[in-house]
Amino acid sequence: MNREYKEAVVELLYQLADDDLLVSYRGSEWLGLVPHIEEDVAYSSITQNTMGHAAIYYGILEELGEGKVDDLAQLRPANERKNAIILEEKNGQGHWLYEEPRYDWAFTVVRNYFYEAIKKKKIDSLKQSTYEPLVQTAIKIDTEARYHLMHWQTWFEQLIRAGGEAEERMKAAIEKVWKDIGGVLSLGPNEEKIVSAGIIESEAVLKERFLADMKEKFAELGLEFPGEPGMERGDGRAGVHTEDLEEAIATLSEVYALDPAVPW
Amino acid sequence: MGEKVPFYEEFVVFSRKTPVSPCQEQFTLLAPNHEIALVMAQENFMRREKVCDIWVVKRSDIRAMTPEERKTLERVDNKDYRTTKGYGYLVRIWREIDQGMLDEKEILSWSKGRVK
Amino acid sequence: MAISVRDAEKVKYREFMERIEAGEKIEADDWMPDEYRQTLIKLISMHGISEIMGALPEKEWTPKAPTLYRKLAIMAKVQDEVGHGQLLLRVAEDLIKPYGKTREDLIQDLFSGKLKFHNVFHWKTKSWADAGLIGWLVDGAAIITQTNMLDASYAPYARALKRIAAEEVFHAQHGEAIAVALAKGTEQQKQMMQDALNRWWPALMMFFGPPTAETTGSSKQEITIKYKIRKNTNEDLRQFYLTKYVPRIQGIGLTIPDETLRYDEEKKEWIYRQPDWNEFLKIIRNEGPMSQERLRIRKLSYENNAWVREALGLNTAVNV
């Protein structure tokens, strides 16, 4: 593996790993607080699966000499993270613990639905990757990703079809998430290197496939299509992030950072 | 439209372990409808076991027995004729002509077909 | 000659008790004495809601768990607790159905203070070691209570407990693994674990409830034993717990903060310092160290997302 190829692989792996880590971190905050008990249980499995996917990607990075899995997941500062900004955003107002958390289920359903829809496109593309460990990973996580998509799509459709307050909340959430969903599609400043090395297909191709599905779904549900996906707050792949990420990293690494050198 | 029905409907979850195993009752859950029930079912009751299919059934659609009706289920223990119990003596007869018993093990082993 | 209604009830009761004595199982739609139903409702709804509330102390440490592996494992464990709550609430819901009540009523009873959650889930957690301690020693105590009811006369409860017990085996080992890693770790880690034990020991001694009804004015233990729902008394369970866990706690180098603790070979029982049962009384009035905070977060999330339940409960296009 020449240096340039390896750099491209590493770049994409960080994007995939950090995306899954942050979205699953936000999922872990919901545990115990989901609107319906049975759904709390189901959502937690999705969160675990997703964090499991992150662990696989970090594991490949460790094999490539990037450092220990837990160091990669927990100790990298915010400006080195490659996740999309929309995935680091807090679940709603208030702190996750005992400071009046008001988590927004509409935002959660919409963010997860769009995220999983894009993730599935990436997985399908990775099955043709020139980098064999990514091919194997894509094949391995495919059925879980399918389940996640089916799950969130069901919630998405039903809350829209419910009409009334639910539909209004969902529309507001769609508007909010759409403004930054481009960050999930982004392959970052090094896209050219990643794509020319045949590691994954281009952002344009992935976006077209994602939008085709969304247009169909929006039409089916009688929703106005919101147009070009935005990236208003910047590109997380380029290290642009918000305070929410810093807070998330501080929380998730609080215990590990006490002594990263010893077993826990 | 608009008439309020309870959010919580009871669904019974069934799962099939392999394509040739029977569908087995797991437990009940509350969900607003079949679709939501289905996307929650596996993770609620089969997080640690393999399944190849899941059914969700509205509990109100199941006609179960009443306590009185359940009392009809016991049978008199005199129905060996429905089983192989009464035919054990055949072993001896077949042995005389060097033939084995066509018991369950033997007959089910025929599923392999003719092995050349 | 007509039999009076009262005599008919007496006959039914006698037949019911004969079934119980014979080890038969009772189903939700079987006739049962009111005392039996009320006892089950109280026991199982409290058990169920305690699993839901019991997710919170550990949830506090779920996103903070030290490694990805530990994060995943504690998530799976807390998820199981919520799942156990689901199983048990379903059993309780079937019992309250004849009164026209649903899960909504149970949740509202929790908020109003009518339905209590287990005393052990009112305590504060201060470090990751507390999460380990809960997984190890609180779950250990819960496993002893729950396995004691595995043969419960009420079949739906026994079926739920059977599912629960199977998962508790994972919980027991998950908790042990965290505790052992800390107790065998650096000085800092050992100290964390010892501090957690010092803080939680009184709570663990309270876990099984007071030895007799005298302490708190009432106790359901005699009734639950009479109906073969459980086998042992609170004190029996505590003694059993000490026998199982004291050697393990001491064996990994931790010191139990009770210098009076010893096993009396003659009496064949553990001598231990009684916890402050006044504290216990405060807790069961929801006046424990974290009672109100945990109720608040539950209530807030429940009400904040009420629109989700309402949206799908309406007879809209989704449900016709």
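Here are some notes:
- Residue that is surrounded by the fewest Cβ atoms within 10 Å (Cβ to Cβ) [pool: residues in the range C:41-62 that are of a type in the set (Val, Ile, Thr) and part of a helix (DSSP H, G or I)]: C:ILE41
Each row is one residue, and each column tells you yes or no for (1) surrounded by 13 or more Cβ atoms within 10 Å (Cβ to Cβ); (2) modelled with pLDDT of 95 or more; (3) within 14 Å of chain B (Cβ to nearest Cβ).
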site	(1), (2), (3)
C:GLN239	yes, yes, no
C:PRO289	yes, yes, no
C:ARG296	yes, yes, no
C:ASN304	yes, no, no
C:THR316	yes, no, yes
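- Sub-6 Å Cβ pairs linking a first residue in the range C:181-200 that is farther than 14 Å from C:GLN250 by Cα to a second residue that is buried (at least 17 other Cβ atoms within 10 Å of the Cβ) and of a type in the set (Asp, Glu), at least 6 apart or interchain, are C:ALA196/C:ASP130, ordered by first then second residue.
- Filtered residue count, the range B:27-75, keeping only those that are assigned to a helix (DSSP H, G or I), closer than 21 Å to A:TYR147 by Cβ and touching a residue at least 12 places away in the same chain (Cβ under 8 Å): 7
- Test: residue in the range C:6-19 that is over 14 Å from the mean Cα position of the chain (by Cα), surrounded by 14 or more Cβ atoms within 10 Å (Cβ to Cβ) and not in a helix (DSSP H, G or I): no
- Summed over the range A:77-105, the residues that are more than 8 Å from chain C (Cβ to nearest Cβ) and touching a residue at least 24 places away in the same chain (Cβ under 8 Å) give a count of 16.
- Residue in the range C:66-77 that is surrounded by 23 or more Cβ atoms within 10 Å (Cβ to Cβ) and not in a helix (DSSP H, G or I) present: yes
- Within the range C:65-98, being under 14 Å from C:ILE134 (Cβ atoms), in contact (Cβ under 8 Å) with a residue 60 or more places away in the chain and not hydrophobic (A, V, I, L, M, F, W, C) holds for C:ARG70, C:LYS77, C:ASP80.
- Residues that are in a loop (DSSP other than H, G, I, E, B) and among the aromatic types (Phe, Trp, Tyr) within the range A:121-156 comprise just one, A:TYR131.
- Boolean, C:ALA65 is more than 9 Å from chain A (Cβ to nearest Cβ) and among the small types (Gly, Ala, Ser): no
- The sole residue among A:GLU132, A:GLU165, A:GLU144 that is over 30 Å from C:LEU300 (Cβ atoms), surrounded by fewer than 19 Cβ atoms within 10 Å (Cβ to Cβ) and within 14 Å of chain C (Cβ to nearest Cβ) is A:GLU144.
- Any hit, the range C:88-106, residues being within 29 Å of A:VAL69 (Cα to Cα) and either in contact with a Phe, Trp or Tyr (Cβ under 7 Å, 6 or more places away or on another chain) or modelled with pLDDT of 95 or more (or both): no
- Any chance C:GLN38 is among the polar types (S, T, N, Q), without any contact (Cβ under 8 Å) to a residue 40 or more places away in the chain, in a helix (DSSP H, G or I) and away from chain A (no Cβ under 13 Å): yes
- One residue from C:PRO156, C:PRO210 being more than 14 Å from every other protein chain (Cβ to nearest Cβ) and either crowded, with 18+ Cβ neighbours inside 10 Å or closer than 22 Å to C:PRO247 by Cβ (or both): C:PRO210
- Selection over the range C:78-106 of residues that are among the acidic types (Asp, Glu) and either within 10 Å of chain A (Cβ to nearest Cβ) or part of a loop (DSSP other than H, G, I, E, B) (or both) gives a count of 2.
- Residue under evaluation A:TYR98, criteria (1) more than 20 Å from the chain's Cα centre (by Cα); (2) of a type in the set (Ser, Thr, Tyr); (3) within 18 Å of A:GLU208 (Cβ to Cβ), criterion not met: (3)
- Qualifying position, being of a type in the set (D, E, K, R) and either within 14 Å of chain A (Cβ to nearest Cβ) or more than 30 Å from C:PRO202 (Cβ to Cβ) (or both), among C:ASP130, C:ASP109: C:ASP130
- First in the range C:122-136 and in contact (Cβ under 8 Å) with a residue 12 or more places away in the chain, second anywhere and of a type in the set (Ser, Thr, Tyr) and assigned to a helix (DSSP H, G or I), Cβ under 7 Å, 6 or more apart: C:HIS122/C:SER291
- The set of residues from the range A:236-257 being more than 17 Å from A:GLU89 (Cα to Cα), in a helix (DSSP H, G or I) and at the interface with another protein chain (Cβ under 7 Å from one of its Cβ atoms) comprises just one member, A:TYR256.
- A:GLU232 vs. criteria assigned to a helix (DSSP H, G or I) and surrounded by fewer than 17 Cβ atoms within 10 Å (Cβ to Cβ): no
The values are calculated or read from the model by the stated rules, or taken from the named source; none is laboratory data. If you're wondering where the values come from, they're calculated on a predicted model, not measured in any experiment. Backbone-built Cβ (ideal geometry, glycine too); neighbour counts: all protein chains shown.
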